[in-house]
Amino acid sequence: MRQSMTGFASRSGELDGLRWGWELRGVNGKGLELRLRLPDWIEGLEPLVRKAAQAKLARGNVQISLRVIGGSDEEAAELDEAALARVLDAIARIEDAAGGRDLPLERSSAAQIIALRGVMATGQSQRDIPALRAALMTEFDAALAEFAEMRSREGQALMAVLSGQLDEIETLVAQAADAVESRRDEQAEKLRAALARVMEATEGADEARVAQELALIAVKSDITEELDRLSAHVAAARALLQDEGAVGRKLDFLMQEFNREANTLCSKSGSSALTQIGLTLKTVIDQMREQVQNVE
């Protein structure tokens, strides 16, 4: 199923006086980039979250945040004497080593030492972390499923838009082919008239050589190959939209090919009708490329 890279989901829960809320937000990106904001005191949570997200998602910039609230635990903070002793010993060793090399150090304040991780122990340290981690992952898996579902819905909407734009391109290519066919006799007559003018104005000109040069000009202005390639690109894009897995990068590359052929068509058009078709084609291709940026 085709997926968009944009999405949002949130879930909340509680356990043993703690309340939490998960939030997932996604936007487009070249690859899969996970930005996690998780409480660092819940050991082992981050690798589980990363593994679950990577199993479900292939592309996109995804921000995953978890907010855990437990007021009574925050108020119960106490000094961890053992941790403090270890920190002070480490500071003393560092100061001694720096003094031996005449390296001046600023003295650490009590506030700085208290802010170090582990010096102040809270009620969090008494929690059953494995049980809390399991409960959090249950809610995260549910949030991740909702997130993936929203991306799928967005993806289906994208499919409809992209299919419609491919229909437009197909119609414009057909109109261009009709315009080429309708001007074929006119173009041939113009070349014959040009040959006659050159022969009249240039004494002793080689008629065969002049005709050959005019024929080369006609070949260079022919857009049949560009139209054929545009039709092939439309078929390739439709096939990609039906493929499984992440195809956004392939579609983005294909849009570059679409644009290249449209530019060549405009430069070789030779008529106002074909130029107008080419400009409209470029507009539709640009609109389609913007949508493709959101495809996973």
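Nothing in this text is a laboratory measurement; each read-out follows from the coordinates by a stated rule. Nothing here was measured: the structure is a model prediction, and the numbers come from that model. All Cβ positions, glycine included, derive from the backbone under ideal geometry; neighbour counts span all protein chains shown.
Structural remarks
- Here segment 44-60 and segment 227-277 have alpha carbon centers that stand 35 Å from each other.
- Look at Thr6, Thr283 and count the other Cβ atoms within 10 Å of each Cβ; fewest to most, that gives Thr283, Thr6.
- The Cβ shell under 13 Å around Asp89 holds other residues with a net charge of -1, Lys and Arg each +1, Asp and Glu each -1.
- Calculated on the Cα set of segment 78-121, radius of gyration then Dmax: 11.7, 37 Å.
- Between the amide H of Gly29 and those of Gly60, Asn61, distances stay under 5 Å, these residues lying 5 or more places away or on another chain, with hydrogens modeled in the peptide plane.
- For segment 278-289, 3J(HN,Hα) per residue [Karplus equation, 6.51 cos²θ - 1.76 cosθ + 1.60, θ = phi - 60°, Hz, x = Gly/Pro]: x, 5, 5, 4, 4, 5, 5, 5, 4, 5, 5, 5
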